[in-house]
1. Which of the peptides 44-50, 271-277 is most tightly packed, and how do the rest follow, going by the mean number of other Cβ atoms within 10 Å of each residue?
2. Give me the net charge of ALA258's neighbourhood, meaning all other residues with Cβ under 13 Å from the Cβ of ALA258; Lys, Arg count +1, Asp, Glu -1.
3. Under a Cβ-only charge scheme (Lys and Arg +1, Asp and Glu -1), can you give me the dipole magnitude of the chain about the Cα centre, in debye to the nearest 20?
4. Considering only ILE108, GLY42, GLY63, whose Cα is most displaced toward the positive end of the charge dipole of the stretch 19-118, charges sitting on Cβ of Lys, Arg (+1) and Asp, Glu (-1)?
5. What nm distance separates the two modelled labels at LYS74 and PHE101, each placed 7 Å from Cα along Cα→Cβ?
6. Assuming R0 = 30 Å, can you tell me the calculated FRET efficiency for the pair GLN22 and SER84, based on Cβ-Cβ distance, to the nearest 0.05?
7. What is the spin-label model distance, in nm, from ASN301 to ARG144 if the labels are put 7 Å beyond Cα along the C-beta direction?
8. Which of LYS153/LYS191; LYS268/LYS293; LYS74/LYS268 have a Cα-Cα distance over 22 Å?
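Taken together, the values in this text are just the output of simple stated rules run on the coordinates, not laboratory data. These figures come from a predicted structure and were not determined experimentally. Here the Cβ positions follow ideal geometry from the backbone for every residue, glycine too, while neighbour counts run over all protein chains shown.
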Amino acid sequence: MQVFLTLVFLLGVFTLQSHTQQNEITADNGIIRVKLDLTRGGAISYISLSGNDRNLINIHDEGRYIQQSYYAGKSLDRKHEGQSPGWSPWPWNPIQVGDAFGNRAKIIDHRQYGDTLYVKCTPMQWDMNNKPAEAVMEQWTILRGNVLEVHNKITCFRTDSIYGDGFIRDQELPAVYPISSLKNLYCYMGKRPFSHDSLSLLPVVKLSSGFWGRYDNLSEHWMAFVDNNEFGIGVYNPQCHRFLAGLFGDAGEEATDASTCYIAPVSKVALSKNAVFSYNYFIILGAIDDIRKQIYELHNN
């Protein structure tokens with residue numbers, strides 16, 4: 001955490017010019033390459049091995065990517081105001097990329113200092129047509145070897161009176177959409193965490209069954225989707241022991257295809273109308289054994 005705070009301080013000290021005409025910012029540390037899409041709120045749109053052009057993140061629509069998404073208030077039917085019929089009733093739901101109609105979040109600021117990327121945006125309300133949310137999202141993304149350390153923050157300033165306040169809701173911390181070619185789901189479900197106990201290879205729940213798979217008491221706080229060679233992406237949030245995960249569509253597809261995998265660490269949080277909420281998470285790229293090794297190192301530091 002001290003290193004993270006130091007990098008944030010450096011971002012404040014060095015005045016770096018933001019080029020608003022850029023569509024993305026990229027960092028490549030010789031191990032992994034990462035891209036943030038500046039036309040979609042600066043969400044993580046691309047992760048690959050350095051020197052490899054295969055994107056392991058699904059970007060089929062504005063609901064995918066690796067992005068911030070939050071829920072507050074009660075679910076409302078606002079179809080008479082242009083709410084998407086497919087997402088009604090729905091709560092206040094600012095998301096980083098854009099809305100269900102394809103309107104995109106706007107970048108307020110972006111900066112880069114070495115392997116640290118910073119973005120700030122005005123998110124969109126997912127269910128509504130071109131309605132910016134009364135909030136600001138910030139994201140710091142730091143490359144460390146084959147690990148992405150990400151710090152997310154939302155600052156709310158809602159003036160509405162329709163959703164209510166103080167509702168406790170499950171929050172995706174964050175929402176991660178690996179490509180569906182990474183079709184094998186691993187985690188640790190035993191009672192001896194961080195002891196190198198045996199992993200579980202889980203049957204993957206399809207969203208067509210009614211909802212994503214729900215997983216409780218994941219005591220090592222991570223899940224990973226990998227291919228048949230056991231290479232893929234792990235998602236680690238040390239604050240979360242509950243996860244959602246599953247598959248939409250068919251296994252075997254790539255970054256721009258409709259089918260996708262999904263992982264979200266989940267925690268119950270009440271976002272008030274003037275809430276400021278932040279959290280850290282980690283994305284690890286590699287073989288399943290290396291993913292777990294890196295998580296152990298993060299846990300012990």
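1. Working: 44-50: 19.7, 271-277: 16.7.
Output ranking for 44-50, 271-277: 44-50, 271-277.
2. Numbers: positive: ARG64; negative: ASP61, ASP250, GLU253, GLU254, ASP257.
So the surrounding residues net to -4.
3. Numbers: 27 positive and 31 negative charges, 127 e Å.
Taking the Cα centre of the chain as origin, the dipole is about 620 debye.
4. Going by the charge dipole, the pick is GLY63.
5. 2.5 nm
6. Efficiency at R0 = 30 Å is approximately 0.50.
7. About 0.3 nm, to one decimal.
8. Numbers: LYS153/LYS191 32 Å; LYS268/LYS293 28 Å; LYS74/LYS268 15 Å.
Long pairs (Cα-Cα over 22 Å): LYS153/LYS191; LYS268/LYS293.
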